[in-house]
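Engineer: Here it is, the structure in full.
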Amino acid sequence: MIEMVTDPFPEAGELAAFWRRAWNGEPPANYERVLARSLAHVTAQGGARLVGFVNVAWDGGVHAFVLDTAVDPDYRRQGIATRLVEQAALLARQRGAEWLHVDFEPHLEAFYRGCGFRHTAAGLLRLV
C-alpha cells in the first residue's frame, strides 16, 4: 500500500537515493533548504521506502509551482504521480495559493492535462 505523506522532510541520504533511482542523477546540493522554503511537499511511501515525491514552491503570495515530480521506476504506472500532484494542489489551495503552475517537457503534456492543468503561454530565460 502506498501512503501519501505531507511535509515529511526526508533525510538527505534517503532523498538522494530516491533521486538517483527516479532521475538517474544527483540531487541538487542542500535540497533541505529548498524544502524549508516550500509551500508544501509530498512523498509517496511504500512501507519505509520513499517511492514518490513532489515539491510545491511559491512566491509568498497567490502563485504556487509544482516542481520535481518523480516516481521510483519500480513503482511507475500505478497512479502515484497523479495522486502526488492532486495532493500538492489540495495543499496549495488550503495554504492560500490561488494559482498552481507547472512547467514540463512535451512528453509529459498528457499527464499534466490529465491532472487538470491547461496550456498557457510562458517565457523562460536561462540564467547560467
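The values are calculated or read from the model by the stated rules, or taken from the named source; none is laboratory data. These numbers were taken from a predicted model, which means no experiment stands behind them. In this analysis, Cβ positions are derived from the backbone assuming ideal geometry, glycine residues included, and neighbour counts consider all displayed protein chains. To get the accessible areas, we keep the full protein, side chains included, count just its heavy atoms, and leave off ligands, DNA and RNA. Shrake-Rupley method; radii C 1.70, N 1.55, O 1.52, S 1.80 Å.
Engineer: Could you give the nm distance between label points at Asp103 and Arg37, where each point is 7 Å from its Cα heading toward the beta carbon?
Structural biologist: 1.5
Engineer: Hey, another quick one. Would you compute, from DSSP H runs of 4+ residues alone, the mean residue ellipticity of the chain at 222 nm, taking -39500 (n - 2.57) per run and dividing by the full residue count, rounded to the nearest 500?
Structural biologist: Working: 4 runs with 40 residues, N = 128.
After summing the helix terms and dividing by residue count, I get -9000 deg cm²/dmol.
Engineer: Treating the angle as unsigned and between 0 and 90°, give the value, to the nearest 10°, between the Cα long axis of helix 80-94 and the longest Cα principal axis of the chain.
Structural biologist: Orientation of helix 80-94: about 50 degrees from the principal axis.
Engineer: Using a 1.4 Å probe on the protein chains only, how many percent of the accessible area of the chain belongs to carbon and sulfur?
Structural biologist: Carbon plus sulfur share of accessible area: 53 percent.
Engineer: Which one of Gly123, Ile80, Asn30 has its Cα pushed farthest toward the positive end of the charge dipole of the chain, where Lys and Arg give +1 and Asp and Glu give -1 at the Cβ?
Structural biologist: Farthest along the dipole direction, towards plus: Gly123.
Engineer: Using the Cβ atoms and a cut-off under 12 Å, what net charge is assigned to the surroundings of Thr82, where Lys and Arg are +1 and Asp and Glu are -1? Working shown, then result.
Structural biologist: Numbers: positive: Arg76, Arg77, Arg83, Arg113; negative: Glu86.
Net of charged neighbours comes to +3.
Engineer: How far, in degrees from 0 to 90, does helix 12-23 lean away from the longest principal axis of the Cα atoms of the chain, to the nearest 10?
Structural biologist: It works out to around 70 degrees.
Engineer: Accessible area per residue, 1.4 Å probe, Å², for the chain: what's the number?
Structural biologist: 64
Engineer: Once you have the alpha carbon radius of gyration of the chain, what is it after dividing by 2.2 N^0.38 Å, with N set to its residue count?
Structural biologist: 1.02
Engineer: What distance in nm lies between label points placed 7 Å from Cα along the C-beta direction at Ala121 and Leu90?
Structural biologist: 3.6
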